[in-house]
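Each remark here refers to the structure printed beneath this line.
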Amino acid sequence: MAKSENLDKAYMAIGSLLASGVRKLSVEKVRVASGLARQTFYQEDEDWLEVRAVINGKPSDRVKLVQVEIKKKSETERQLDSLFERIETMEQEVARLEGTASQVYKELIDEIQRWFYKASENPKRNATAARHIEELNSMRQEMDRLTAENRLLRARESDQDTVKILSHKKVIELKTLAEPGDIFDDFLKQYKSIVSTPSMAALIRGVYVLCGLPCSGKSNWIKAHKPPSSGLHIYVDSCAHQTHIRRFIAKQVAVSDVEIHCVWLRNDKQACLERSAAGYAGAAKIIKQEEINFIAENFQDPSLAELFDSVILVSKDNG
């Protein structure tokens, strides 16, 4: 599907949602309304960066035009417009074909001559060229890997006198009570910013998906944990209280040579409520305790069937 058509669908979905009364947009809502794939919205060119900015609240003349059109046109008028546009497109296509028909014969002759030339090339020379291309690609990948490792080494120059495992920790923080679609979008956005190149993806050695009630000690566990091997280790700081949330996260990072662990903080509701009372006050305390009660009521115990290599059980009173 052409890029411009995808952009049109995205802006039409944004305008339609706003016109229907939706005030807080998200990539998930616009994706469903437009029928486009989630990956389409996370392309890095300027057009899709602008689309994401508009979803996050940036004013857009293009969206305003969509809203005006929605208010002005009835369903019948839109169908007529679509029909007239198709007729106009077909007329333009016919005119284009008529204008280029005289060139078809020459292009066919040129193509036949090119294939005769390709068929006459030395097969051994072709094999040699293919081997050289493969070697160059391999060298480029190795250079990317070494460059990424060199960045990690420079980050630890201040610790030259200490013998330790060369590892790097990155944390992805997810909201507690967001909708599943928003949680998935937020995770993909943060994960993509960490693993921005193939060389960085190749450095991942472990992923730790934290789960448990709010105030159960997840953040403290992440700070204290020492990765057991070199490379990049990613920690997902989230309640991850339901199976489908944990399974989605594990599926996104499930690649070869990457161990995926679920870290289950098992402090019960009462202990977490006591911690929230000590750590929060006023409205913040009320909100945090409501989160604890909600997560406790909807919590689903993790298991190895969720694509995890292990489930690390953290005893009560941790953190």
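The values are calculated or read from the model by the stated rules, or taken from the named source; none is laboratory data. Please read all numbers here as calculations on a predicted model, not as lab measurements. Glycine also receives a Cβ, built like all others from the backbone with ideal geometry; neighbour counts cover every protein chain displayed.
Among the residues making up region 215-229, a single one is assigned to a loop (DSSP other than H, G, I, E, B) and within 25 Å of the chain's Cα centre (by Cα): Pro227.
Before we move on, is Leu36 over 18 Å from Ile70 (Cα atoms) and either surrounded by 14 or more Cβ atoms within 10 Å (Cβ to Cβ) or β-branched (Val, Ile, Thr) (or both)?
yes
The test for being acidic (Asp, Glu) and modelled with pLDDT of 90 or more does not hold for Asp317.
Annotation note: Cβ proximity below 9 Å between a residue of region 279-296 that is small (Gly, Ala, Ser) and a residue that is surrounded by 16 or more Cβ atoms within 10 Å (Cβ to Cβ) and not in a helix (DSSP H, G or I) (sequence gap 6+ or interchain) occurs for Gly279/Cys215; Ala296/Leu213; Ala296/His241. Checked against the criterion of being of a type in the set (D, E, K, R), outside any loop (DSSP other than H, G, I, E, B), closer than 18 Å to Asp182 by Cα and modelled with pLDDT of 75 or more, the candidates Arg86, Arg52 yield just one match: Arg52.
What about Lys58, is it in a helix (DSSP H, G or I), at pLDDT 70 or above and under 30 Å from Lys24 (Cβ atoms)? No: the conditions fail for Lys58. The single residue among Ser238, Ser229, Ser219 that is hydroxyl-bearing (Ser, Thr, Tyr) and farther than 27 Å from Arg151 by Cα turns out to be Ser238. Can you tell me which of Ala283, Ala240, Ala277, Ala250 is surrounded by fewer than 18 Cβ atoms within 10 Å (Cβ to Cβ), in the same structural domain as Cys211 (by TED's automatic domain parsing) and either in contact with a helix residue (DSSP H, G or I) (Cβ under 9 Å, 6 or more places away or on another chain) or assigned to a strand (DSSP E or B) (or both)? Only one candidate passes the filter, namely Ala277.
Screening Ser199 on (1) crowded, with 16+ Cβ neighbours inside 10 Å; (2) at pLDDT 85 or above; (3) on the phi < 0 side of the Ramachandran plot shows it passes everything except condition (2). So, Asp47, is that one at pLDDT 85 or above, assigned to a helix (DSSP H, G or I) and charged (D, E, K, R) or not? Yes; evaluated as a whole, the condition is true for this residue.
Being out of contact with any Phe, Trp or Tyr (no Cβ under 8 Å at 6 or more places or on another chain), part of a loop (DSSP other than H, G, I, E, B) and not hydrophobic (A, V, I, L, M, F, W, C) is the filter here; which residues of region 1-44 pass it? Those that are out of contact with any Phe, Trp or Tyr (no Cβ under 8 Å at 6 or more places or on another chain), part of a loop (DSSP other than H, G, I, E, B) and not hydrophobic (A, V, I, L, M, F, W, C): Ser20, Gly21, Arg23, Lys24, Ser26, Gly35, Gln43, Glu44. Asp301 meets the conditions (1) in a loop (DSSP other than H, G, I, E, B); (2) surrounded by 11 or more Cβ atoms within 10 Å (Cβ to Cβ) in every case but one. The failed one is (2). Residue pairs whose Cβ atoms lie under 7 Å apart, separated by 6 or more positions or on different chains, with the first residue in region 263-277 and without any contact (Cβ under 8 Å) to a residue 40 or more places away in the chain and the second surrounded by fewer than 19 Cβ atoms within 10 Å (Cβ to Cβ) and not polar (S, T, N, Q), are Ala277/Lys285. Tally time: how many residues in region 304-317 are assigned to a loop (DSSP other than H, G, I, E, B) and either in contact with a strand residue (DSSP E or B) (Cβ under 6 Å, 6 or more places away or on another chain) or not polar (S, T, N, Q) (or both)? Matching residues across region 304-317 total 5.
Here's a check for you: in region 218-237, which residue that is modelled with pLDDT under 90 and touching a Gly at 6+ places or on another chain (Cβ under 8 Å) is surrounded by the most Cβ atoms within 10 Å (Cβ to Cβ)? The selected residue is Gly231.
Does Gln242 qualify as being of a type outside the set (Asp, Glu) and within 19 Å of the chain's Cα centre (by Cα)? Judged against the criteria, Gln242 is not a match.
The condition (being among the small types (Gly, Ala, Ser) and surrounded by fewer than 16 Cβ atoms within 10 Å (Cβ to Cβ)) is satisfied by just one residue among Gly57, Gly15: Gly57.
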